[in-house]
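Student: Below are the structure tokens for one structure; questions will follow.
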Amino acid sequence: MAGAIVKYGIIGVGMMGREHLVNLYHLRTQGVAVVAIADPHLPSQQLALDLAHSFTWPLKVFSGHQELLDSGLCDVLVVSTPNMTHHRILMDIINHSKPHHVLVEKPLCTTISHCKEVVNAARKRPDILVQVGLEYRYMPPVAKLIEIVKGGNLGHVKMVAIREHRFPFLVKVNNWNRFNINSGGTLVEKCCHFFDLMRLFVGANPVRVMASGAIDVNHKDEVYDGKVPDIIDNAYVIVEFDNGSRGMLDLCMFAEGSKNEQEISVVGDIGKGEAFVPESVVQFGTREAGRDGVQTLKAEDHRIKYDGLHHGSSYLEHLNFLSAIRAKGEKAPSVDLQDGLISVAMGVAAQLSIEYGRFVSIQEVMNECKI
């Protein structure tokens, strides 16, 4: 595809699908074009068409993903449909006779068994690249902190603490995100991002998870088809890794009065680093230099042409994936299916830990043992 226009299709053009559409428009100088969308929801279709019209991009519209696949119009597909639909759509894409590279929104799937099915099917298709949309890795302050950690500036990482204090879940089409059965649960749906970052910072795999969480404030007065939402709105999660490191997540989704939505702290045996979003500030220092030696940096990435909803990370995610596609198999996606699987496993273990009031091991979750 080097030098040729790379033709994209977007499956699911709700809020996030349209965000991908705008990001890809800002990548048009890199030789990309969105040529088709698929979504059964007519209002979402129309909003996407209005956007594309403003870009002077003609779009072929399909009501379902299978029709888009069979059209043969696309080289790359972006899957940004509700979480519970990822498995079926991914399996249909991977098993289709025409190869399509895929960027799938997080979480990969809502269950371990479905994630495994996708991973195993993709292994049989070396002609297809699949990247998972864990785009927090690309946020400039987070990327800078990753660089500091990987450069050895903090020594051996021992502790990672991530605080997300934010607003409640947004309203989605048919309110699908109000129920665990659809989303996988808050700690899968929302927090797979942070479990992925923990694993990246410590350079190790999770062993067991302990969590405490509840529905304390949000959505308690909402009823959909006679059912009250069951998604938790706050939690503490502790993760132990196989190299002895530990991670901790502090999640609160009724904390609109926060200066920063995410605060990430990484502590090694010789130093500490912190990243703040959306302030886009990074601080780091060593034990030896102490408080007076702490450096403060403003994190920026001048490649970003569109900040969007995620501080430019979606733009960089697409830029990275396009590079892997154009490398024709010589470059793997930076966030692969194994990363997607393990981030979901950590979230599933956390959800189960809350339910059963004990540590849950990653092995028993991956083996799908009776808990």
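Student: Any chance the range 212-231 includes a residue that's within 22 Å of E364 (Cα to Cα) and touching a helix residue (DSSP H, G or I) at 6+ places or on another chain (Cβ under 8 Å)?
Tutor: Yes, the range 212-231 contains a residue that is within 22 Å of E364 (Cα to Cα) and touching a helix residue (DSSP H, G or I) at 6+ places or on another chain (Cβ under 8 Å).
Student: Being more than 18 Å from the chain's Cα centre (by Cα) and surrounded by fewer than 21 Cβ atoms within 10 Å (Cβ to Cβ), is that true of even one residue in the range 332-351?
Tutor: No - not one qualifying residue is present in the range 332-351.
Student: Quick one: would you say A327 is more than 16 Å from L134 (Cα to Cα) and out of contact with any helix residue (DSSP H, G or I) (no Cβ under 9 Å at 6 or more places or on another chain)?
Tutor: Yes.
Student: Moving to a separate point now. Among the numbered conditions (1) farther than 26 Å from S265 by Cα; (2) within 23 Å of the chain's Cα centre (by Cα); (3) not basic (K, R), tell me where Y356 comes up short.
Tutor: Against the list (1) farther than 26 Å from S265 by Cα; (2) within 23 Å of the chain's Cα centre (by Cα); (3) not basic (K, R), Y356 comes up short only on (2).
Student: Next question, about the same structure. Of the conditions (1) assigned by TED's automatic domain parsing to the domain that holds V228; (2) surrounded by fewer than 24 Cβ atoms within 10 Å (Cβ to Cβ); (3) of a type outside the set (F, W, Y), L154 satisfies every one except a single condition; which number is it?
Tutor: The number of the failed condition is (2).
Student: Return the residues of the range 21-71 that are of a type in the set (G, A, S) and either touching a strand residue (DSSP E or B) at 6+ places or on another chain (Cβ under 8 Å) or crowded, with 20+ Cβ neighbours inside 10 Å (or both); say none if nothing qualifies.
Tutor: G31, A33, A36, A38, A48, A52, S63, G64, S71
Student: Among the helices (runs of 4 or more DSSP H) confined wholly to the range 136-241, which include 1 or more residues that are within 18 Å of V335 (Cβ to Cβ) and aromatic (F, W, Y)?
Tutor: 192-202
Yes or no, residue by residue, for (1) of a type in the set (D, E); (2) touching a residue at least 12 places away in the same chain (Cβ under 8 Å); (3) outside any helix (DSSP H, G or I); (4) touching a Cys at 6+ places or on another chain (Cβ under 8 Å):
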site: F321; (1), (2), (3), (4): no, yes, no, no
site: P333; (1), (2), (3), (4): no, yes, yes, no
site: L341; (1), (2), (3), (4): no, yes, no, yes
site: Q351; (1), (2), (3), (4): no, yes, no, no
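Student: Residues that are over 19 Å from the mean Cα position of the chain (by Cα), at least 2 per element: which strands (runs of 3 or more DSSP E) completely within the range 1-111 meet that?
Tutor: Once the strands (runs of 3 or more DSSP E) in the range 1-111 are filtered for at least 2 residues that are over 19 Å from the mean Cα position of the chain (by Cα), what remains is 6-11, 32-38, 60-62.
Student: Right, another one. How many residues are closer than 22 Å to H311 by Cβ and crowded, with 18+ Cβ neighbours inside 10 Å if we restrict to the range 266-290?
Tutor: Final tally of qualifying residues: 9.
Student: Just need a number here: residues in the range 106-154 that are touching a residue at least 60 places away in the same chain (Cβ under 8 Å) and closer than 30 Å to T286 by Cα.
Tutor: The qualifying residues number 16.
Yes or no, residue by residue, for (1) in the same structural domain as Y236 (by TED's automatic domain parsing); (2) over 23 Å from the mean Cα position of the chain (by Cα); (3) of a type in the set (S, T, Y):
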site	(1), (2), (3)
F276	yes, no, no
E279	yes, no, no
G290	yes, yes, no
V294	yes, yes, no
A299	yes, no, no
K328	no, yes, no
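Student: Sticking with this one: What's the number of the condition Q338 fails, among (1) in contact with a Phe, Trp or Tyr (Cβ under 6 Å, 6 or more places away or on another chain); (2) within 18 Å of V102 (Cβ to Cβ)?
Tutor: Here Q338 meets the rest and fails (1).
The values are calculated or read from the model by the stated rules, or taken from the named source; none is laboratory data. This structure is a prediction, so every number in the text was calculated from the model and none was measured. Glycine gets a Cβ as well: all are built from the backbone with ideal geometry, and neighbour counts include every protein chain shown.
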